[in-house]
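The values are calculated or read from the model by the stated rules, or taken from the named source; none is laboratory data. Source: prediction; values computed, not measured. In this analysis, Cβ positions are derived from the backbone assuming ideal geometry, glycine residues included, and neighbour counts consider all displayed protein chains.
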Amino acid sequence: MEQTMIRLPAPCSSSGGEAIMNKFFQSLDKVSSGTNKVFIFVASLMMAGLMIIVCVDLTLRYVFNSPLIWGTEVTEILILYITFLGAGQVFRENSHVVIDIFLVFGSPRRQRILRLVSCTLVGIVSAVLVIYGFSASYNHYVRGVFNPTIIETPIALILVIIPIGCVPLFLEVLLKVRKLLRQE
């Protein structure tokens, strides 16, 4: 009677659940990265438009004494859009303003804890801005509220960029928190 040995595959270094989570976060990273690239492109176009509007407005104001009556309002809206379209990418690259006095003198463990606390706070704020931002935008849209200015911009159009820009920011927070938690 011949005995055959059945060879089992070597155990994986990660469990099935961890592999699924890794795949999920890789996909999340791709989605967030792609969204950020599109948002940065749109924000760049808006920045170019903003510069043109400001230059034309200044020329008309000081050379011909006849400024664009809508120039200031449009530049304010563009600045808001540029800010929130770039928020996720700025957070991804750690390009935001940081007060790092506590990090400079702390141990690596303390730095990691402070970064986790910071990311958690950013995550909470961005989640609140997403939830209440969409709610407020929808509310203003349904009620038909307009900004009482020369071009009467719908308030919903002004507000909606806040939650839209905070979605990739929240995704970046999730990715950064996972990275911090996986560090040893």
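All of (1) surrounded by 11 or more Cβ atoms within 10 Å (Cβ to Cβ); (2) among the β-branched types (Val, Ile, Thr); (3) within 19 Å of the chain's Cα centre (by Cα) hold for Ile69 with one exception: (3).
Against the list (1) farther than 30 Å from Arg182 by Cβ; (2) out of contact with any Ser or Thr (no Cβ under 9 Å at 6 or more places or on another chain); (3) touching a residue at least 24 places away in the same chain (Cβ under 8 Å), the condition Val145 fails is (3).
All told, Asn139 falls short of being without any contact (Cβ under 8 Å) to a residue 24 or more places away in the chain and either within 30 Å of Leu181 (Cα to Cα) or within 19 Å of the chain's Cα centre (by Cα) (or both).
Here is the figure for the stretch 13-63: residues that are closer than 18 Å to Tyr81 by Cα and among the aromatic types (Phe, Trp, Tyr) total 2.
Okay, residues lined up against (1) polar (S, T, N, Q); (2) on the phi > 0 side of the Ramachandran plot; (3) in a helix (DSSP H, G or I):
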position: Leu45; (1), (2), (3): no, no, yes
position: Ile53; (1), (2), (3): no, no, yes
position: Arg61; (1), (2), (3): no, no, yes
position: Ser66; (1), (2), (3): yes, no, no
position: Ile69; (1), (2), (3): no, no, no
position: Ile77; (1), (2), (3): no, no, yes
position: Thr83; (1), (2), (3): yes, no, yes
position: Val90; (1), (2), (3): no, no, yes
position: Ser95; (1), (2), (3): yes, no, no
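Looking at Ile158, Ile151, Ile164, just one residue is touching a Leu at 6+ places or on another chain (Cβ under 9 Å), farther than 25 Å from Asp29 by Cα, in contact (Cβ under 8 Å) with a residue 40 or more places away in the chain and surrounded by fewer than 20 Cβ atoms within 10 Å (Cβ to Cβ), and that residue is Ile158.
Matching residues to (1) in a helix (DSSP H, G or I); (2) at pLDDT 95 or above; (3) within 13 Å of Phe91 (Cα to Cα); (4) out of contact with any Lys or Arg (no Cβ under 8 Å at 6 or more places or on another chain):
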residue: Ile113; (1), (2), (3), (4): yes, no, no, yes
residue: Ser118; (1), (2), (3), (4): yes, no, yes, yes
residue: Ser126; (1), (2), (3), (4): yes, yes, yes, yes
residue: Ala136; (1), (2), (3), (4): yes, yes, no, yes
residue: His140; (1), (2), (3), (4): yes, yes, no, yes
residue: Thr149; (1), (2), (3), (4): no, no, no, yes
residue: Glu152; (1), (2), (3), (4): no, no, no, yes
residue: Ile162; (1), (2), (3), (4): yes, yes, no, yes
residue: Lys179; (1), (2), (3), (4): yes, no, no, yes
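From the list Leu129, Leu180, the one residue that fits, being under 18 Å from Phe25 (Cβ atoms), touching a residue at least 24 places away in the same chain (Cβ under 8 Å) and not acidic (Asp, Glu), is Leu180.
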